[in-house]
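Visitor: Structure in C-alpha cells, see below.
The values are calculated or read from the model by the stated rules, or taken from the named source; none is laboratory data. Remember, predicted model here, so these are calculated numbers, not experimental data. Positions of Cβ are backbone-derived with ideal geometry, glycine not excepted, and every protein chain shown enters the neighbour counts. Ligands, DNA and RNA are stripped out before the accessible areas are found, and what is left, the full protein with its side chains, is counted by its heavy atoms. Shrake-Rupley method; radii C 1.70, N 1.55, O 1.52, S 1.80 Å.
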Protein chains: 2
Amino acid sequence: MPRHQNRGAAGGRRRASHSMESVLTEAVALLDEAGPSALTFRALAQRLGGGVASIYWYVASKDELLDRATDHVIGGVLADIEAIEPGDDPIDDLRVMSLTLFDAILVRPWLGNYFMRNTDVQGNALRLYDTLGQPTLRLKLTARQRFHAVSAITTVVVGSAVDLGQEPPQEVLEGAVGRDEFLGRFAATWRELDADDFPFVHEIVDEFDGHDDIEQFRAALDLTLAGLRLQADA
Amino acid sequence: MPRHQNRGAAGGRRRASHSMESVLTEAVALLDEAGPSALTFRALAQRLGGGVASIYWYVASKDELLDRATDHVIGGVLADIEAIEPGDDPIDDLRVMSLTLFDAILVRPWLGNYFMRNTDVQGNALRLYDTLGQPTLRLKLTARQRFHAVSAITTVVVGSAVDLGQEPPQEVLEGAVGRDEFLGRFAATWRELDADDFPFVHEIVDEFDGHDDIEQFRAALDLTLAGLRLQADA
DNA sequence: CGGTACGATAGAACACCGTTCGATAGAGAT
DNA sequence: ATCTCTATCGAACGGTGTTCTATCGTACCG
C-alpha cells in the first residue's frame, strides 16, 4: 500500500510513474466516457502508460478501485453541498442538498451503483451523509426519526440513480438513438396493451413517454419531504 | 428459440432434457443459495446435468437469463399482490402491496438489482407495476401525479432493495458472522469519529446499530405515502 | 563512495467468465 | 430410408480480475 503521495515527476521513459490521484482520475475518465464496462485494469493501465499489476499497488481490488473512484468525485459534490448556506427552513436545505447530489449523479449515472457502498473507503461519502443529516438536527424529531428521514432521502436518490444507471442499450450511449426515441419505443409497446388489462399503464403512458428524469426525481423527493414536514410539525 | 413447452420426461441417460421452467428454477436456486456471483452458465449447466451451450437455446444471454429468472419469481409475488382485496383507503392498499413486494425482496435481495430492468422480457413485472398503480386511480390526482406517485414508490422499494442487495462481505452469507455483528463493526467505527465533525452520525449511530431493514423501509415508504395523501386531499 | 533496503513498476501466467461454433443425437414426417 | 427440425453438447475464443515473480530506481547508511 502506498504511504506518501507521489511527489515527483516521471522518471526516464521506460517505466511509468503513477499516483493515487492519476489512477483515480483516469478511472473516472474511463467511467465517464464509456460506462462501467469500459473500466478494466488493462484499459486503465494502457491509459496510464504502465502495466496492469502496478495498479494493484494503489488498490487492492476492483471493488476498491470503484469505491475510491466514486469517493473521489463525491469529494467534489461534497464541496458543493457544504457550500450551501443553511436557510430558514431545514427541509428546504435538505431539498437543495438532495438536488445537488442528484445533479451530480445525473451527469455520472454510474455513481449511483457504488455510492455509499463502503464507508470505510468512502470517507467523502460518509461526510456527505453527515452533512445531509445536519438539517434534520434542527427539526423536532427523535433520533430514530432523523435516521429514518435521511435514510429515506438517500434511498430516493440512490433508487432514482439506479433507474438511470441502467446502462442504456448502448445505442443511446453511442448517440445513434436519442433517449426520447428509446422511451418512445417502450411507450409504443405499452400503448398496444389491452386497456382493460392494464388500466394504470394505459393511464400514464403519455406521461411516461418523453418524461424528464429530474422532474420524476423531484416529485419523489418532494413526496418524502412533505411527509417529513408533517412529521416534524406534529 | 424454444417453441413449445418441453412435454416429456428425460430420454436416455446420456443427454439431459431441460425446459424453460427447469432452467429458471435452477437459476433462481443458485441465486438464492449463493448470490448473483454464483450464477454462472457452467454452474447452472452442471446443476441441470447438461452442457453449457444448451442453456443458450432457452436464453440469448446472461442478461436475459437474469431478467427471466427475476420475472419468474415476480410471478409469485404478483399473485400475492393481486390476491389483496381493495379496502376503503387506496393509500392503505398501496402500503400493503409495497410491503408485500418488499418482503419478497428481503428474502431474495438479488431481486432488486434486476426488477423492472426490461419490461419486454419481464411481463410479470409490468403487470405488477400496473397492479401497484391501480389504487392511485381511485385518488383525486392528475395522470402525471399518479405516474410520479407510483414511480416514487417503486423507487423507494428498489432503492431500499439495492441497499440490501449489497452482497454482504460473504462472512454473513456463510453465516460465520451475524448481521448484527456486521452492523456493530460499522457502528464502532462511526462512534470513534469526532462528534463535532460528524454531529449527525454521532446522533444516529445508536439507531443505526442493529437497525431493522423492514422498519427502515416502512419509515421511508410511510413518508412518501403521507406526502401522497396530502397531495390527494388538496 | 558501494551496498543494501525498499518503494514502485511490470510481464507473464492462472483461473474463470460469457459466448460461439460445429457436430450430432433423437423423433416425427415424407 | 431419408430428410428436417428440435434440442443437446464439447471444445474453443477472447476477455476479465488477480497473483507471482522479477526487476528498476532511488534514498539511505556504513
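Visitor: Checking A:Ala234 against (1) more than 24 Å from B:Ala220 (Cα to Cα); (2) out of contact with any helix residue (DSSP H, G or I) (no Cβ under 9 Å at 6 or more places or on another chain); (3) among the aliphatic types (A, V, I, L, M), only one condition comes out false. Which one?
Guide: With (1) more than 24 Å from B:Ala220 (Cα to Cα); (2) out of contact with any helix residue (DSSP H, G or I) (no Cβ under 9 Å at 6 or more places or on another chain); (3) among the aliphatic types (A, V, I, L, M) applied to A:Ala234, the lone miss is (1).
Visitor: Moving on to the next point. A:Leu106 versus (1) surrounded by fewer than 23 Cβ atoms within 10 Å (Cβ to Cβ); (2) within 18 Å of A:Leu228 (Cβ to Cβ); (3) among the aliphatic types (A, V, I, L, M): which is the lone unmet condition?
Guide: All conditions pass for A:Leu106, except number (2).
Visitor: Tell me whether region B:193-201 contains one or more residues that are in contact with a His (Cβ under 6 Å, 6 or more places away or on another chain) and aliphatic (A, V, I, L, M).
Guide: yes
Visitor: Also: Tally time: how many residues in region B:110-135 are touching a residue at least 60 places away in the same chain (Cβ under 8 Å) and either more than 10 Å from chain A (Cβ to nearest Cβ) or surrounded by 22 or more Cβ atoms within 10 Å (Cβ to Cβ) (or both)?
Guide: So in region B:110-135, the residues touching a residue at least 60 places away in the same chain (Cβ under 8 Å) come out as B:110, B:113.
From what is left, the residues that are either more than 10 Å from chain A (Cβ to nearest Cβ) or surrounded by 22 or more Cβ atoms within 10 Å (Cβ to Cβ) (or both) are B:110.
Within region B:110-135, residues that are touching a residue at least 60 places away in the same chain (Cβ under 8 Å) and either more than 10 Å from chain A (Cβ to nearest Cβ) or surrounded by 22 or more Cβ atoms within 10 Å (Cβ to Cβ) (or both) number 1.
Visitor: For residues that are open to solvent by 40 Å² or more (accessible area, probe 1.4 Å), more than 11 Å from chain B (Cβ to nearest Cβ) and closer than 22 Å to B:Tyr114 by Cα, scanning just region A:173-190, find the one that is modelled with the highest pLDDT.
Guide: Only one residue tops the list, namely A:Phe182.
Visitor: Those residues that are aliphatic (A, V, I, L, M) and farther than 12 Å from A:Val23 by Cα, I need them from region A:39-61; list them, please.
Guide: Within region A:39-61, A:Ala53, A:Ala60 meet the criteria.
Visitor: Go through region B:191-217 and give me each residue that's facing another protein chain (nearest Cβ under 9 Å) and either assigned to a loop (DSSP other than H, G, I, E, B) or open to solvent by 20 Å² or more (accessible area, probe 1.4 Å) (or both).
Guide: Residues satisfying the conditions are B:Leu193, B:Asp197, B:Phe198, B:Pro199, B:His202, B:Glu203, B:Asp206, B:Glu207, B:Phe208, B:His211, B:Glu215, B:Gln216.
Visitor: Across region A:219-234, what is the number of residues that are facing chain B (nearest Cβ under 9 Å) and either farther than 21 Å from A:Asp89 by Cα or charged (D, E, K, R) (or both)?
Guide: 2
Visitor: I'm trying to understand the selection: among the residues of region A:33-42, which are within 6 Å of DNA strand D (Cβ to nearest atom) and surrounded by 14 or more Cβ atoms within 10 Å (Cβ to Cβ)? So that I can check it myself, show each step before the final result.
Guide: Start the filter on region A:33-42 by keeping residues that are within 6 Å of DNA strand D (Cβ to nearest atom), which leaves A:40-42.
A:Phe41 - this is the single residue of region A:33-42 that is within 6 Å of DNA strand D (Cβ to nearest atom) and surrounded by 14 or more Cβ atoms within 10 Å (Cβ to Cβ).
Visitor: Could you grab me the full set of residues in region A:56-94 that are farther than 22 Å from A:Arg117 by Cβ, open to solvent by less than 70 Å² (accessible area, probe 1.4 Å), of a type outside the set (Val, Ile, Thr) and out of contact with any Lys or Arg (no Cβ under 7 Å at 6 or more places or on another chain)?
Guide: Scanning region A:56-94 gives A:Gly87, A:Asp89, A:Asp93, A:Leu94.
Visitor: Working only within region A:46-55, note down all residues that are part of a helix (DSSP H, G or I) and within 6 Å of DNA strand C (Cβ to nearest atom).
Guide: Within region A:46-55, the subset part of a helix (DSSP H, G or I) is A:46-48, A:53-55.
Answer for region A:46-55, where residues must be part of a helix (DSSP H, G or I) and within 6 Å of DNA strand C (Cβ to nearest atom): A:Ala53, A:Ser54.
Visitor: Inspect all residues belonging to region A:181-189 and state whether any of them is more than 25 Å from the chain's Cα centre (by Cα), among the acidic types (Asp, Glu) and either part of a helix (DSSP H, G or I) or outside the structural domain of A:Leu106 (by TED's automatic domain parsing) (or both).
Guide: No, region A:181-189 has no match at all.
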